[in-house]
There are 2 protein chains.
Amino acid sequence: MKTGRGSGRPTVADVAAQAGVSPITVSRTLRTPDKVSPELREQVMAAVAALGYAPDPNARALASARSDVIGVIIPSLTNSVFSDVLTGMYDALADAPYQIHFANNHFSPFEEERLIAGFIRQKPAALIVAGFDQTERGRALLRQAACPVVQIMETGDDPIDMVVGFSQRAAGAAVTQHLIEAGYRRIGFLGARMDPRTLRRLDGFRAALTEAGLYDAGRCVTTPAPSTFSLGRMLLRDLLTRRPDTDAVFCNNDDIAMGALFECQQAAIPVPQHMGIAGFNDLELMEASYPSVTSVRTFRYRMGYLAIEMALKELAGMPPTQRIVDVGFELKVRDTTNRYLTG
Amino acid sequence: MKTGRGSGRPTVADVAAQAGVSPITVSRTLRTPDKVSPELREQVMAAVAALGYAPDPNARALASARSDVIGVIIPSLTNSVFSDVLTGMYDALADAPYQIHFANNHFSPFEEERLIAGFIRQKPAALIVAGFDQTERGRALLRQAACPVVQIMETGDDPIDMVVGFSQRAAGAAVTQHLIEAGYRRIGFLGARMDPRTLRRLDGFRAALTEAGLYDAGRCVTTPAPSTFSLGRMLLRDLLTRRPDTDAVFCNNDDIAMGALFECQQAAIPVPQHMGIAGFNDLELMEASYPSVTSVRTFRYRMGYLAIEMALKELAGMPPTQRIVDVGFELKVRDTTNRYLTG
DNA sequence: TGATTGAATGATAGCGCTCCCATTTGGGGT
DNA sequence: ACCCCAAATGGGAGCGCTATCATTCAATCA
């Protein structure tokens with residue numbers, strides 16, 4: 001039985017011999033038990049247990065031209081936003097016979113393209129990518145991929161296959177609208193990294209202010225640098241140097257907003273009276289902070305969860321209920337934009 | 001050329017035909033180019049380029065009984081601590097022909113054991129696990145794994161194979177020592193999740209206080225719940241209910257510390273005068289915060305980076321310089337424990 | 001009753017790559 | 001001139017599994 005090159009672990013052949021059936025019956029028992037008679041099924045399972053057999057995923061993938069890998073490509077790991085998404089994905093997977101492999105493209109569509117090609121080579125069960133900003137070739141690869149493809153974090157009418165997300169632009173506009181309604185008039189925008197999604201938030205910001213006749217391009221302070229809390233402090237300082245009369249800021253994300261708040265505290269600028277602050281994503285920190293910080297709640301866990309769920313559904317042969325899912329967002333108004341706060 | 005079952009993509013055989021060599025030469029050109037003469041090498045590379053050939057990782061893994069997967073098992077994704085570690089790993093990997101697959105065990109050694117078994121089935125190139133608290137069988141599996149194994153986040157004399165980390169206990173003791181030196185006397189401990197590493201920090205805390213004759217078990221407030229900022233607030237409230245005279249807290253991590261700070265701000269407890277606060281991990285937030293928060297800087301990125309580097313070195317056949325690497329830690333003293341602060 | 005069907009099982013032949021060993025070739029050493 | 005050896009290349013087989021088609025056999029129908 002030892003052929004010399006083998007791994008030493010039991011194979012389908014071993015199980016088949018032990019159970020007195022053919023290898024293919026073992027294979028069937030493991031993958032499509034209902035196509036095997038109960039008696040044989042039991043025999044095979046007993047042999048599997050006796051030998052401690054576990055199938056080799058590589059051999060399986062080679063033979064069936066389909067692996068159990070669900071490829072996930074996200075822009076960054078450092079970003080806590082994506083770790084929530086991933087957590088949702090893992091939870092949705094539960095005990096489904098797939099595994100998630102992910103890669104990060106460092107916010108580069110070119111790296112994303114490489115990663116897509118790499119995944120496709122593995123014949124993935126499904127692919128999940130962030131947003132709509134793939135390269136031409138990247139989109140083409142995804143379109144040709146013989147597997148479900150889910151785009152997440154944004155919505156759009158023309159998904160490659162399926163999409164679950166929300167309108168970044170509408171969310172940006174909603175916060176801005178809230179700041180206007182709260183009585184702020186000289187509203188700035190603080191933005192870091194400026195990836196496509198951030199740009200769409202800015203777009204919403206601009207639209208809302210323009211409509212209200214309050215837009216002032218000079219109050220937009222942005223940087224391509226990755227966002228950090230300290231950067232939030234710096235961006236606010238920058239803005240106040242250029243436009244000292246600014247009375248509120250919409251921050252492209254919560255890190256920046258929190259940094260802005262710290263800066264105000266240190267500079268003894270009363271928040272929310274003299275400076276309103278709103279963030280984006282609604283990290284848990286924003287609610288716990290004192291003062292608590294206004295933000296836009298995004299359903300990150302949910303997006304991850306649904307993305308996997310939709311892919312699994314399609315893999316199971318069920319047609320998806322819908323190909324375009326908008327999970328929405330929720331404005332969380334808190335202390336930092338509540339001008340009529342007592343205290 | 002179409003055999004019916006094939007994937008349609010070019011294979012080694014196609015490349016070999018195009019280049020006028022045998023399949024094995026193509027294989028060699030791609031994996032060990034120095035074993036092929038320059039002329040043939042060039043021919044093969046030309047054929048590869050012409051056909052757009054890319055090897056099938058599954059077939060490769062099956063034939064060579066060794067995949068290009070480096071398995072990483074960490075307790076949690078939600079935790080920003082681990083995302084730093086992962087970032088370091090990805091960076092260390094750079095263009096090495098391996099890919100990282102990770103899984104999280106939700107802080108459960110049993111789930112960890114399952115994951116280890118799952119990875120080993122894939123014949124990984126290397127395995128990286130967090131800490132030393134595997135199950136008996138988990139350790140056995142790792143020991144028998146025919147690949148480099150790196151334990152991270154902690155140090156220990158008896159690694160399964162290699163280890164890169166730092167002494168959680170010593171770090172816990174060092175912060176506590178600092179609090180004592182800063183003049184605090186009634187020092188509490190706030191801890192969430194209480195995983196093995198946290199327990200060792202607590203151990204260091206206890207040792208330092210005991211030695212100073214200041215230990216009071218009643219000042220340790222812990223919970224198995226996952227740590228959040230709000231939880232930090234609650235834990236501090238709890239502690240102050242039990243021991244209102246507490247004058248400093250060492251928090252098991254930065255989230256808790258930050259929450260404690262917010263609670264103090266809301267309750268108008270002067271920090272650091274009436275309450276010293278120290279965290280653990282030194283997230284970027286701690287430095288940016290106002291007041292800035294004392295913490296223990298841990299080299300998370302570095303640990304991830306080194307873990308991969310050590311594994312790659314071994315995979316390349318080079319003997320590792322050392323099997324046990326202590327990256328240390330660094331106490332960052334800031335406003336929240338600086339009693340003599342002006343302001 | 002004989003033809004027909006469908007479910008259950010098996011034999012065979014790969015999937016795409018690499019291991020192992022054999023073969024060829026072109027120098028050194030003596 | 002001889003042997004020997006190492007480097008370069010190829011032939012053949014097999015990694016562990018599954019797709020495909022063939023076979024068996026009992027149940028069904030006219």
For this session: Give just the number: which of (1) within 27 Å of B:Leu261 (Cα to Cα); (2) buried (at least 16 other Cβ atoms within 10 Å of the Cβ); (3) modelled with pLDDT of 95 or more does B:Asn338 not satisfy?
Result: (3)
Exercise. Is it true that B:Ala103 is within 15 Å of DNA strand D (Cβ to nearest atom) and on the phi < 0 side of the Ramachandran plot?
Worked result: no
Exercise. Just wondering, is there one or more residues in region A:5-28 that are modelled with pLDDT of 90 or more, more than 9 Å from chain B (Cβ to nearest Cβ), away from DNA strand C (no atom under 15 Å from the Cβ) and in contact with a helix residue (DSSP H, G or I) (Cβ under 7 Å, 6 or more places away or on another chain)?
Worked result: yes
For this session: Determine, yes or no, whether B:Leu40 is within 14 Å of chain A (Cβ to nearest Cβ) and modelled with pLDDT of 90 or more.
Result: no
Exercise. Which residues, counting only those in region B:256-276, are more than 8 Å from chain A (Cβ to nearest Cβ) and within 25 Å of the chain's Cα centre (by Cα)?
Worked result: B:Ile256, B:Ala257
For this session: Could you figure out which of (1) away from DNA strand C (no atom under 16 Å from the Cβ); (2) within 14 Å of chain A (Cβ to nearest Cβ) isn't true of B:Phe110?
Result: (2)
For this session: Considering only residues that are under 15 Å from A:Gln18 (Cβ atoms) and without any contact (Cβ under 8 Å) to a residue 24 or more places away in the chain, look in region A:42-59 and name the one that is farthest from DNA strand C (Cβ to nearest atom).
Result: A:Ala49
Exercise. In this structure, is A:Arg243 under 31 Å from the mean Cα position of the chain (by Cα), away from chain B (no Cβ under 14 Å) and in contact (Cβ under 8 Å) with a residue 12 or more places away in the chain?
Worked result: no
Exercise. Out of region A:8-31, which residues are exposed (fewer than 14 other Cβ atoms within 10 Å of the Cβ) and either near DNA strand D (Cβ under 8 Å from one of its atoms) or in a helix (DSSP H, G or I) (or both)?
Worked result: A:Gly8, A:Ala13, A:Ile24, A:Arg31
Exercise. Taking the stated definitions as given, is B:Ala103 under 21 Å from A:Gln122 (Cα atoms) and touching a residue at least 24 places away in the same chain (Cβ under 8 Å)?
Worked result: yes
For this session: Collect the residues in region B:286-303 that are surrounded by 23 or more Cβ atoms within 10 Å (Cβ to Cβ) and more than 22 Å from B:Met194 (Cα to Cα), keeping them in residue-number order.
Result: B:Ser289
For this session: All but one of (1) touching a residue at least 24 places away in the same chain (Cβ under 8 Å); (2) within 14 Å of chain A (Cβ to nearest Cβ); (3) within 9 Å of DNA strand C (Cβ to nearest atom) hold for B:Leu62, so report the exception by its number.
Result: (1)
Problem set entry | Index of the failed condition, B:Ala192 passing every other in (1) buried (at least 23 other Cβ atoms within 10 Å of the Cβ); (2) free of Cβ contacts under 8 Å to residues at least 40 places away in the same chain | (2)
Problem set entry | Given (1) more than 12 Å from DNA strand D (Cβ to nearest atom); (2) facing another protein chain (nearest Cβ under 10 Å), number of the condition B:Leu93 does not satisfy | (2)
Exercise. Of the residues in region B:239-258, how many are closer than 23 Å to B:Ile180 by Cβ and assigned to a helix (DSSP H, G or I)?
Worked result: 7
Seminar exercise, completed: When restricted to B:Asp84, B:Asp91, B:Asp68, the only residue more than 12 Å from DNA strand C (Cβ to nearest atom), among the acidic types (Asp, Glu), under 21 Å from B:Ala125 (Cα atoms) and under 36 Å from the mean Cα position of the chain (by Cα) is B:Asp91
Exercise. Which one of the conditions (1) surrounded by 21 or more Cβ atoms within 10 Å (Cβ to Cβ); (2) of a type in the set (Phe, Trp, Tyr); (3) more than 9 Å from chain B (Cβ to nearest Cβ) does A:Phe132 fail to meet, given that it meets all the rest?
Worked result: (1)
Problem set entry | Only listed residue being modelled with pLDDT of 95 or more and buried (at least 17 other Cβ atoms within 10 Å of the Cβ), chosen from A:Phe110, A:Phe166 | A:Phe166
Exercise. So, of the residues in region A:32-87 that are among the β-branched types (Val, Ile, Thr) and either assigned to a helix (DSSP H, G or I) or surrounded by fewer than 16 Cβ atoms within 10 Å (Cβ to Cβ) (or both), which turns out to be farthest from DNA strand D (Cβ to nearest atom)?
Worked result: A:Val81
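The values are calculated or read from the model by the stated rules, or taken from the named source; none is laboratory data. Since the model is a prediction, treat every value here as computed from it, not as a measurement. Glycine also receives a Cβ, built like all others from the backbone with ideal geometry; neighbour counts cover every protein chain displayed.
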